[in-house]
Every structure is written in structure tokens, then in C-alpha cells.
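Structure, as C-alpha cells:
Every number in this text was worked out from the coordinates using simple rules, so none of it is lab data. Remember, predicted model here, so these are calculated numbers, not experimental data. Neighbour counts run over all protein chains shown; Cβ positions are idealised from the backbone, glycine included.
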Amino acid sequence: MEICFFIYLHNANTIKPPHCHAIIQSWALLFLGPTEDKLCYKKIARFFTGDPNKKAIDKLSLIVEQINALEPQFEALSDEALAAKTDEYKARLAKGETLDDLLPEAFATVREASKRVLGQRHYDVQLICGINLHHGSISELRTGEGKTLSATLPLYLNALEGKGAHLVTVNDYLARRDGRWMGAIYRFLGMSTGILQSASADGASGRAFIYDPDESSLYEETHQLRPVHRKYAYAADITYGTNSEFGFDYLRDNITMRWDDRVQRPHHFAIIDEVDNILIDEARTPLIISGPSHEDSENYYRMAQVVKALKPEDYEVSEKDHSVALTEIGVAHVEELLGEPLSDPPERPEDILPEQARLLGFWSKVCARSFSSIATRNISCRVARLSLWTNLPVA
Ligand SMILES: Nc1ncnc2c1ncn2[C@@H]1O[C@H](COP(=O)(O)OP(=O)(O)OP(=O)(O)O)[C@@H](O)[C@H]1O
Ligand SMILES: [Mg+2]
């Protein structure tokens, strides 16, 4: 699997210096001894070898020139002809061309699609960033410099192989915001976008969506997002999610009782946003999944009683999406039956206490089991609160 990184540290080098640069730095350290001014050694190395970043960027600029030269040709294409490029590239890959061969055209395609769909033209530095990420290196872009748009280039290119491309980010909000935002570009080019969201801190039951502009909702959390089973979000061409969702799904896939219950495909290509946060800060918190305990069975029993007491107006079952969701009335009814609120404060479903997250985990599991048998009956209710949305097993 190939992984590349985004970083937003202000003092990190964008591209690894060549070895000679590092060797000269070491010599300077050896002959001059340690000093407080570490930059001094860098300056000495640069005096002899030139700026290593500049050299690397100059090399990438040649590819940028190729992409820019294609712009008039792509601008002249109709929307349909531009979208048809995706199938053309897939066919050329099948005939033996490599991703590197296709890179200039694929990047020019994404840039043109972005201009038409979002009205944003990738800057040349974003193209350089995209090439660098495709090569598996770290790119440093500071806050607000457009990491979200830059990532579309290597994601599209690598998704052409049909094995999935992942964008790993730091929280649910960014996963759905960026997936929905950039999903418009991928959709224009005939690619689907999956979005993973967590439902509970115990990692027991995440939610998943496919970007679909026809799906409208009053809630930001579900607007333009069609709920699907996790498997379908992973089957999408490009999947946005958090590190913990990708990680927990990987762990759960390794303890499933049936092969078919696994949701992930073999890993192919991933870009990590805010890599210092994810691989350093977040990495200090281990992902742990555990088996059932005695206390769990009591909670399952308690939830089963609550599910039995639900009235038709309390929930909505979608046969199409294999999902069940509580209505606003249902949330109030469940909270009344449990004798405690399910979110804290109740009007902000994302702010849930660890104990509430555990309860929601039990809720999801009991729901999935209880409602799977009635999912074929057409029960219609009103819009659901997102935090109480549950995937039903795929028939
Ligand atoms: N090529 C472009 N043309 C026009 N606007 C752009 C372009 N690239 C990025 N932007 C705009 O810049 C703003 C910041 O972009 P984005 O959120 O991707 O930055 P970021 O690098 O991810 O920042 P952060 O570190 O805060 O996450 C957005 O409003 C985006 O639309
Ligand atoms: Mg960002």
C-alpha cells in the first residue's frame, strides 16, 4: 500500500534533501562542533549544494509545464467528453500504460473539472503538491493554502486503478465536509465518493455515506449524503474518513466470523491530512476493541426492552438503504424509556459523553438485529437524528 502525507508544520522541509546535502551538514557539525544555531549548518550545506527544495521543485515544475500546456485542449472539451476521459484512462491502464504516464493528462482533467464544478483552478503549487503526494512524499502546505483541493489530483489518479483511494483526516466533520465538497469533482468525472462517520466512541457501529447531490437534508450531517452500508463506502472509488474509523474497521475485519462481513478492500493508496496530528499526536491513543462482558449483556437486555417499546412514529426504516433511524419523537421516547439523555447537550448530537457513546453502541447492535426482520415492511416516518442511525445487515 502506498501512503503519502500532508503536513502543516511551519519549519518542516517540503521535500527530503538529497543525501549530499545531509553529508555536508554532518561534516560541518564534525569540523565546527555543535552550536546553538542549527541553521548555520544548513546554510553551509546550501552554499555548496544549492537549495535542495528548489532543485526538487524545479524538476516537478517540468511536469507542471506539461499539465499547463494541456489546458487549452481540455478547456475545449464538452462536459461529456471531459467526463469520458476517466474511462479512457482506465482503458489505457489496462493496456499497460502506468499512472506516471497518465499523470499530466489526469491532473489536467481534474483541474478542468474543478474549474467547471467549483470554479476553482488548481494553482501550480497545488499541482506540485499533488505530484509529490503521488510519489509518496510529504508535502507541506500551511493553513488555508488549499490541501483539500490539492489532494483531489493524486486521489483521482490513483483511483483510476479501481482499487480504492483513501483520504485519512482528523475528524468526522472534515471527512464529510471534504468528501462532499470534493465529491462534486469526482462525480463530474464519473467517480463515486464514500464517507465514513463514527456513531459511537466504542467504535462499535460507524455510519457511512455516498456523496449524492440529489439527497437533500435539513441537517448538515446528512445533506447530500446517502446512507449506505460501510462496505459500499469502501467500494467507492474514493473514500474519506478519519484515522480511527479506518483503523477500527481494519481491526473489526480481522475478527469477523464470516469473510463476507468484512467491509474493507485490500489497501491500495492513502493520503493522510495533518499527518503530524495523526501519526504523532493521535498515535499515542491505541485503538482497542474488546469482546462482550457480563455488563454488556445487561445493556443489550435493557436496549432490547427499549426497542420493543418503540412505536411506529418513533423510527424510520429504509429498505433501499438497509437502515433504521429514530425520528425526533423517537429520540425523546428512547430518552424517556432509558431515563437519560442520549447526547449532551441534547441539541448537539455530536457532543456525546463516553457513557452515552457506549449506550449508542449497544443501541445500534440491538437495532440492527431487531429491525433486520422488518426491513422489508414499508414503514415510513420522518427525518432522523443522525447520531441514532444504524446500518442493517445487508441481505
Ligand atoms: N486553487 C484554488 N482556487 C481558489 N480557491 C482555492 C484554491 N485552493 C484552495 N482554495 C480555497 O482556499 C480555502 C482554504 O482551503 P483548504 O481548506 O483546503 O485549506 P487547507 O490547506 O486544508 O487549510 P487547513 O490547514 O486550515 O486545513 C478554501 O476556501 C478553498 O476553497
Ligand atoms: Mg484542511
- Task: Please turn the phi angles of segment 145-157 into ³J(HN,Hα) values with the Karplus equation 6.51 cos²θ - 1.76 cosθ + 1.60 (θ = phi - 60°), one per residue in order, whole Hz, x for glycine and proline.
- Result: 7, x, 5, 4, 6, 4, 5, 4, 5, x, 5, 4, 4
- Per residue of segment 219-224, in order, report the coupling 6.51 cos²θ - 1.76 cosθ + 1.60 (Karplus, θ = phi - 60°) as ³J(HN,Hα) in whole Hz, putting x for Gly and Pro. 8, 4, 5, 10, 4, 6
- Note on the structure: In this structure, the FRET efficiency calculated for TYR301 and LEU279 from their beta-carbon separation, with R0 = 25 Å, to the nearest 0.05, is 0.05
- Query: Between ASP260 and ILE329, what is the FRET efficiency for a Förster distance of 25 Å, r being their Cβ-Cβ separation, to the nearest 0.05?
  - Reply: 0.10
- Task: Between GLU145 and GLN73, with labels modelled 7 Å along Cα→Cβ, what's the label distance in nm to one decimal, could you check?
- Result: 3.0
- Considering amide H positions built from the backbone, and no H for Pro or chain starts, which residues 5 or more places from LEU225, or on another chain, come under 5 Å of its amide H? ASP212
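Relative to the present Cα-Cα distance, how much length would full extension add between SER217 and GLN66 at 0.36 nm per residue of separation?
50.2 nm
With a 10 Å radius around each residue's Cβ, average the other Cβ atoms per peptide and rank 94-106, 260-272, highest first.
Per-residue Cβ counts within 10 Å, averaged per peptide and sorted highest first, yield 260-272, 94-106.
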- Checked against a 31 Å limit on the C-alpha separation, the offending pairs among LYS59/LYS115; LYS90/LYS147; LYS90/LYS365; LYS54/LYS85 are LYS90/LYS365; LYS54/LYS85
- Message: Could you check the spin-label model distance between ASP101 and ARG116? Points 7 Å from the Cα along Cα→Cβ, value in nm.
- Response: 2.5
- Proxy reagent accessibility, fewest Cβ within 10 Å first, across TRP363, TRP181, TRP259: TRP259, TRP181, TRP363
- Nearest-0.05 FRET efficiency for HIS268 and ALA91, computed from C-beta distance (R0 22 Å): 0.70
- Item | Interchain or long-range residues, amide H under 5 Å from SER323's placed H | SER318, LEU392
